[in-house]
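**Q** I'd like to ask you about the structure that follows.
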Amino acid sequence: MHERKPNRRWALIAIGFLAAGVMFWLLASDRVDIAVLTNSLGFKSAANNKSAGATKPICVSEAVPVGDCIPQRMANLPPDPGPAGMKTIEGIDADKDGVRDDVQRYIAANWGHSALATNTLTVIAKSKQLQVNYGDSLGREDSIKLAPIMLKAGDCYARTATPEMRQRQAMQNVQVEVTNTPERYKRAHAFNYMLAHNVYPLSQDTTAEMCGFDPAKMPN
């Protein structure tokens, strides 16, 4: 009579349960470094993945896929604030240039190939941000005092916008980025309401005076 051999499948299952139990005990006991454990098992932690992305080189050419390097036009910008940038009306402007970091990055990502477009749309973003910041906190008279800033920004765009910018509705898209929450949109709308039903004189400023930069000196 042959001796009955143990069932290998059930033996493997038992070993699996035992290994899972040991793993659970280690994690629950706080006696093991999670990073060391995950690395030893061949997994990469979120922290490691994040640091790997931060060490990407700067692109030497726009032809290089963005996923393999950081585009030159984005390399020196403040980081994307993410959800933290949505918590307040003003958002986050780490470099204090008058444009929220997320909007600054949006302009660079979409128009960084053109110095003229970048500068013009930055003017538009700043004027729209003022509308959001002041919202309905000013009376009609004080709001009208700020009207020249808005008018100059609009005139600057009208004089410098390229066919590509007009076709892609660059100004409208930047304004949408600036007013990207219901409260921001509401405040900008309230400010514009204060400016309505009033006559404003045509500006006699040069394009350079309107824009704060000379378009003729822009390389592209």
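Since every read-out is calculated from the coordinates, none of them should be taken as a lab result. Fair warning: this is a prediction, and the values are worked out from it, not measured in the lab. Cβ atoms come from the backbone with ideal geometry, glycine included; neighbour counts cover every protein chain shown.
**Q** Take the cross-link list Lys96/Lys186; Lys186/Lys217; Lys87/Lys152; Lys87/Lys145; Lys96/Lys217 and give me the ones stretching past 27 Å between alpha-carbons.
**A** Values: Lys96/Lys186 24 Å; Lys186/Lys217 37 Å; Lys87/Lys152 30 Å; Lys87/Lys145 29 Å; Lys96/Lys217 25 Å.
Result: Lys186/Lys217; Lys87/Lys152; Lys87/Lys145 exceed 27 Å.
**Q** For the pair Ile89/Arg159, report the inter-label distance in nm, with labels modelled 7 Å from Cα in the Cβ direction.
**A** 3.2 nm
**Q** On average over all directions, what projected area in square nanometres does the range 57-217 have, based on the convex hull of its Cα atoms? Don't skip to the end; give the middle numbers.
**A** Details: hull surface 42.9 nm².
Average of the hull's projected areas for the range 57-217 equals 10.7 nm².
**Q** Given the C-alpha centroids of the range 157-220 and the range 87-102, what is the distance between them in whole angstrom?
**A** 18 Å
**Q** Can you sort Leu146, Leu116 by how many other beta carbons sit within 10 Å, fewest first?
**A** Values: Leu146 17, Leu116 20.
In increasing order of surrounding Cβ atoms, one gets Leu146, Leu116.
**Q** Here's something else I'd like to know. Find the Cα radius of gyration of the range 166-216, compare it with 2.2 N^0.38 Å by division, and give the number to two decimals.
**A** Working: Rg = 14.7 Å, N = 51, 2.2 N^0.38 = 9.8 Å.
In units of the globular-protein estimate, the range 166-216 measures up at 1.50.
**Q** For Ser137, Ser143, which order do you get if you count the other beta carbons within 10 Å of each Cβ and list the fewest first? Let's see the in-between values first.
**A** Numbers: Ser137 11, Ser143 23.
Taking fewest neighbouring Cβ atoms as first place, the list is Ser137, Ser143.
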